[in-house]
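> Quick one: structure below, then a few questions.
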Amino acid sequence: MKLNRFYKFLYIIILSFVFFTLKIFAVENIDERVKKLTLELRCMTCQNQSIYDSDAEFSNDIKKIVKNKLKAGESERDIKKFLVERYGEYILFRPLMNYNNIFLWGFPFILLIIGLFFVLIKSKGNKV
Amino acid sequence: MSSLVGFLSLVFAIGINFYLFLSRYIFKFQKQKFNLFIRFSSLLTLLSFFSLMYAYVVSDFSNYNVFQNSHSNKPLIYKISGTWGNHEGSMLLWLCILSIFSFFFSFTKNIEDNFQKLTLIIQAFLHILFGLFIVFTSNPFLVNSILVNEGLGLNPILQDPGLAVHPPILYAGYVGYSIVFSIAIAGLFQNTDDEWIYVAKKWSLISWTFLTGGIALGSYWAYYELGWGGWWFWDPVENISLMPWIAGLALVHSLMMVRGEQAIKKWIVFLSILCFSLSVFGTFLVRSGILTSVHSFAADASRGIFILLIFFIVTGFGFLVFLLKEPKKSNALNLLFINKVSALVINNILMIIATLTILLGTIYPIIIEVLYNKRISVGGPYFNSTVIPIMIPGFLLMSIAPILSWQTNKINNSKKYVLAFIILSVLVILQSYFLDFNTWGFVGLLLGFWIILASIIAIFSSYKIKINIKFFKIINPHVAHIGVGIAIIGITCSSVFQNELDFNLNEGDKFNVNGKTVLFEKIETTNEINFQSLRGKFLFDIEKNQSKKIEAGKNYYPVSKMITSEAGILHKWNKDIYFILGDQKNNEWFVKVLINPFVSFIWLGVIIMMYSGLIAISRR
């Protein structure tokens with residue numbers, strides 16, 4: 001048992017160390033940032049495609065706009081806001097965390113808590 | 001003529017089912033005779049389906065449905081598969097598969113006669129519901145009021161061998177849950193012994209295996225036909241198929257608990273009703289035209305309302321019986337900190353949460369549109385950041401769950417697992433250190449490899465290795481989980497480590513893909529029977545003698561004036577090289593090359609899962 005605990009400890013140390021170093025050295029270049037953002041945007045002229053995946057004219061325009069804005073130093077949030085003002089929330093595949101969508105985002109976590117309580121209550125009388 | 005035969009046999013089949021349904025209350029007859037009637041009505045439904053198919057094959061444009069969806073110059077295979085390439089025909093296929101399931105169920109042995117009869121009566125009831133739906137709102141046998149020599153043609157995206165296999169297999173999965181539903185309801189009514197659980201298990205495994213195959217075929221089809229290099233989009237239609245799949249998986253796992261004498265009958269019945277309800281609900285969403293996709297052929301409000309009605313009848317009836325005839329209190333669950341029962345309960349809870357989250361995400365845009373008259377999208381990023389984290393503990397549990405004991409808290413050989421996990425995570429860390437680091441990639445690879453490794457350790461340390469059928473049946477749960485692990489690796493690699501290269505090329509240009517030289521030979525246009533094709537011809541790895549030919553391009557279908565993209569894919573065991581030919585600008589062709597690592601692992605994983613589904617059917 002002692003050995004086990006030692007392994008676990010060692011493992012956690014190594015893992016956290018590596019994670020931090022990786023996080024520090026991971027610098028995203030502009031194309032990766034464009035990809036990340038455009039994957040979360042809907043191509044308004046296609047059927048269920050993201051702007052990144054699509055080669056439609058609309059998508060190519062948006063890709064250019066996003067790239068220029070990122071180069072100009074705008075944050076992802078600003079760009080999304082700009083696009084929503086222009087095309088509506090429909091363009092975002094990741095729904096905004098606002099009042100309307102509170103249920104959408106909260107629901108899975110509410111269920112998770114209920115599930116956890118269920119297991120705890122059911123297993124209460126069964127301690128061995 | 002064939003339309004008339006089809007219509008009459010359909011109506012006759014519904015009539016017989018109506019008679020059988022009444023037989024519970026008015027005219028009682030024996031089991032033998034009852035089964036004969038069931039089989040006869042199945043044959044009539046089949047006959048109806050085949051007469052529609054015949055009308056398609058001979059291009060009988062006096063049938064309005066054929067006129068709308070077919071064209072005489074299509075190749076034969078698309079005439080046959082075109083039968084279900086439209087709303088009416090696909091609903092007839094649905095009914096047809098429903099009656100095939102009844103047909104085979106009528107041959108089941110080892111179950112009580114009355115129980116079998118009751119199950120089939122519920123099947124007959126479902127047959128009547130869907131049969132009336134077809135006759136009144138989606139009749140494929142309507143007569144064309146004008147005389148024509150040519151049809152309007154089939155949607156070009158559907159003109160693909162995928163159409164021949166994907167819908168029937170997927171439907172076999174959806175509709176298979178009707179039998180599970182009927183068995184569960186009949187079980188509630190009769191409330192006799194637990195024998196029905198074994199019957200339900202077999203049929204739910206059959207449906208689940210078909211559903212797995214159907215979904216995988218659908219995503220493979222999307223992968224090579226839609227031409228954007230992905231195979232899953234969290235598209236509403238995909239979500240709809242995923243919901244009964246996950247619920248069905250939870251059902252299959254719950255049915256395992258029967259063996260530990262921990263029958264949680266109530267939960268099993270609930271899941272059985274849920275699976276079929278989700279299937280019908282999915283049909284409603286797709287067929288009502290609320291969702292726009294390649295699957296919703298034509299929007300018609302009356303159909304949507306009718307299916308919604310059927311959905312409420314089926315679900316309402318199911319859950320009402322469930323509430324009124326609640327099974328007797330079963331044994332208390334033997335939940336320990338970590339034993340098999342608690343693992344299965346946690347797995348069930350996680351799967352249900354995932355199913356409900358997908359359900360909410362899929363219908364949320366509709367709710368918002370109704371309430372606020374505003375359009376929003378709930379897409380991949382939402383599901384990736386909710387459903388996947390919810391499933392991760394389940395995946396972790398899955399690696400060791402099959403060897404946990406029913407009664408105690410102990411894990412045999414726990415040191416081996418701890419050691420293996422540590423070595424594995426160091427390896428994965430090294431991998432992500434030297435290649436691109438990505439959190440999802442890290443988690444996915446670690447999980448996938450861990451599931452495979454733990455299952456292999458479990459097989460070797462818990463059982464004596466023998467090569468015979470019995471052994472394969474014993475290790476089957478581990479094999480299924482290895483399949484999931486392989487699929488997780490494929491999914492992670494192909495989505496996280498996908499690489500994209502863009503080129504602007506002239507004919508005759510050479511370019512570099514992944515260290516290999518590729519020659520863009522030429523552009524070729526040809527006229528096929530029912531379309532014109534434009535193909536860019538590529539030679540991959542020209543330095544070698546056996547260079548591979550790749551063709552990517554577009555098809556133009558004059559009948560429906562549509563262009564489809566045809567990706568050129570070079571399959572290797574460790575990566576797919578995916579060519580997309582874009583438009584021509586300034587005399588240069590835009591060519592996009594995607595390198596999708598380990599895509600083949602996804603299909604391999606799915607095949608392993610289906611294999612172990614089949615093995616599990618034969619195991620009791």
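> When the range B:571-588 is examined, which residues are found to be under 29 Å from the mean Cα position of the chain (by Cα) and either surrounded by 18 or more Cβ atoms within 10 Å (Cβ to Cβ) or not assigned by TED's automatic domain parsing to the domain that holds B:Gln532 (or both)?
B:Lys575, B:Asp576, B:Ile577, B:Tyr578, B:Phe579, B:Ile580, listed by residue number.
> Considering only the range A:45-57, state which residues are more than 7 Å from chain B (Cβ to nearest Cβ) and surrounded by fewer than 16 Cβ atoms within 10 Å (Cβ to Cβ).
A:Thr45, A:Ala56, A:Glu57 - these are the residues of the range A:45-57 that are more than 7 Å from chain B (Cβ to nearest Cβ) and surrounded by fewer than 16 Cβ atoms within 10 Å (Cβ to Cβ).
> Same structure again: Can you name the condition, by its number, that B:Gly6 falls short on among (1) buried (at least 19 other Cβ atoms within 10 Å of the Cβ); (2) closer than 30 Å to B:Asn114 by Cα?
Answer for B:Gly6: the failing condition is (2).
> Which condition from (1) buried (at least 17 other Cβ atoms within 10 Å of the Cβ); (2) touching a Phe, Trp or Tyr at 6+ places or on another chain (Cβ under 8 Å) is the one that B:Gly508 breaks?
That leaves (1) as the condition not met.
> Right, next: Specify the residue that is surrounded by the most Cβ atoms within 10 Å (Cβ to Cβ); the eligible residues are those in the range B:364-397 that are among the β-branched types (Val, Ile, Thr), at the interface with chain A (Cβ under 8 Å from one of its Cβ atoms) and assigned to a helix (DSSP H, G or I). I'd like the intermediate steps shown before the answer.
Pass one, the range B:364-397, residues among the β-branched types (Val, Ile, Thr): B:366-368, B:370, B:376, B:378, B:386-388, B:390, B:392.
Adding the requirement that they be at the interface with chain A (Cβ under 8 Å from one of its Cβ atoms) leaves B:368, B:376, B:378, B:386-387, B:390.
Keeping just the survivors that are assigned to a helix (DSSP H, G or I) gives B:368, B:386-387, B:390.
Numbers: B:Ile368: 19, B:Thr386: 23, B:Val387: 20, B:Ile390: 19.
The residue in question is B:Thr386.
> Separate question: In the range A:53-93, how many are under 16 Å from the mean Cα position of the chain (by Cα), more than 22 Å from B:Lys374 (Cα to Cα) and assigned to a loop (DSSP other than H, G, I, E, B)?
The number of residues fulfilling the criteria is 1.
> Now for a separate question. Being modelled with pLDDT of 75 or more, part of a helix (DSSP H, G or I), at the interface with another protein chain (Cβ under 10 Å from one of its Cβ atoms) and under 26 Å from B:Gly230 (Cα atoms) is the requirement here; does A:Lys35 meet it?
Spelling it out, A:Lys35 is indeed modelled with pLDDT of 75 or more, part of a helix (DSSP H, G or I), at the interface with another protein chain (Cβ under 10 Å from one of its Cβ atoms) and under 26 Å from B:Gly230 (Cα atoms).
> Do the conditions hold for B:Leu8, that is, is it farther than 28 Å from B:Ser279 by Cβ and either in contact with a strand residue (DSSP E or B) (Cβ under 8 Å, 6 or more places away or on another chain) or not in a loop (DSSP other than H, G, I, E, B) (or both)?
So B:Leu8 passes the test.
> Could you look through the range B:131-163, keep only residues that are in contact with a Gly (Cβ under 6 Å, 6 or more places away or on another chain) and assigned to a helix (DSSP H, G or I), and pick out the one that is modelled with the highest pLDDT?
Across the range B:131-163, the extreme among qualifying residues is B:Leu163.
> Please find, among A:Leu96, A:Leu112, A:Leu120, A:Leu104, the residue that is under 20 Å from the mean Cα position of the chain (by Cα), among the hydrophobic types (A, V, I, L, M, F, W, C) and more than 7 Å from every other protein chain (Cβ to nearest Cβ).
A:Leu96
> If I filter the range B:164-174 for residues that are assigned to a helix (DSSP H, G or I), within 14 Å of chain A (Cβ to nearest Cβ) and under 13 Å from the mean Cα position of the chain (by Cα), do I get at least one hit? Before the answer, list the steps.
Taking the range B:164-174 first, the residues assigned to a helix (DSSP H, G or I) are B:164-174.
Now narrow it down to the ones that are within 14 Å of chain A (Cβ to nearest Cβ): none.
No; the residues of the range B:164-174 include none that is assigned to a helix (DSSP H, G or I), within 14 Å of chain A (Cβ to nearest Cβ) and under 13 Å from the mean Cα position of the chain (by Cα).
> Name the residues in the range A:67-93 that are among the aliphatic types (A, V, I, L, M) and either touching a strand residue (DSSP E or B) at 6+ places or on another chain (Cβ under 8 Å) or within 14 Å of chain B (Cβ to nearest Cβ) (or both), would you?
Listed by number, the residues that qualify are A:Leu83, A:Val84, A:Ile91, A:Leu92.
> Among the numbered conditions (1) buried (at least 16 other Cβ atoms within 10 Å of the Cβ); (2) at pLDDT 80 or above; (3) not hydroxyl-bearing (Ser, Thr, Tyr), tell me where B:Phe319 comes up short.
(1)
> Let me ask something else. Quick check: is even one residue across the range A:14-31 under 17 Å from the mean Cα position of the chain (by Cα), modelled with pLDDT of 70 or more and more than 9 Å from chain B (Cβ to nearest Cβ)?
No, the range A:14-31 has no match at all.
> Ok, one more. Can you find a residue that is in contact with a Leu (Cβ under 6 Å, 6 or more places away or on another chain), assigned to a helix (DSSP H, G or I) and at pLDDT 90 or above anywhere in the range B:23-37?
no
> Find all pairs meeting these conditions: Cβ atoms under 9 angstrom apart; at least six residues apart or on different chains; first residue within the range B:465-488 and more than 19 Å from B:Trp603 (Cα to Cα); second residue among the charged types (D, E, K, R).
Within 9 Å, the pairs are B:Phe471/B:Lys464; B:Lys473/B:Arg619; B:Ile474/B:Arg619.
> Does at least one position in the range B:328-340 carry a residue that is at pLDDT 85 or above and more than 8 Å from chain A (Cβ to nearest Cβ)?
Within the range B:328-340, the subset at pLDDT 85 or above is none.
No, there is no match, as no residue in the range B:328-340 is at pLDDT 85 or above and more than 8 Å from chain A (Cβ to nearest Cβ).
The values are calculated or read from the model by the stated rules, or taken from the named source; none is laboratory data. Since the structure is predicted, the reported quantities are computational estimates derived from the model, not experimental observations. Cβ coordinates were reconstructed from backbone atoms using ideal geometry, including for glycine residues, and neighbour counts include every protein chain displayed.
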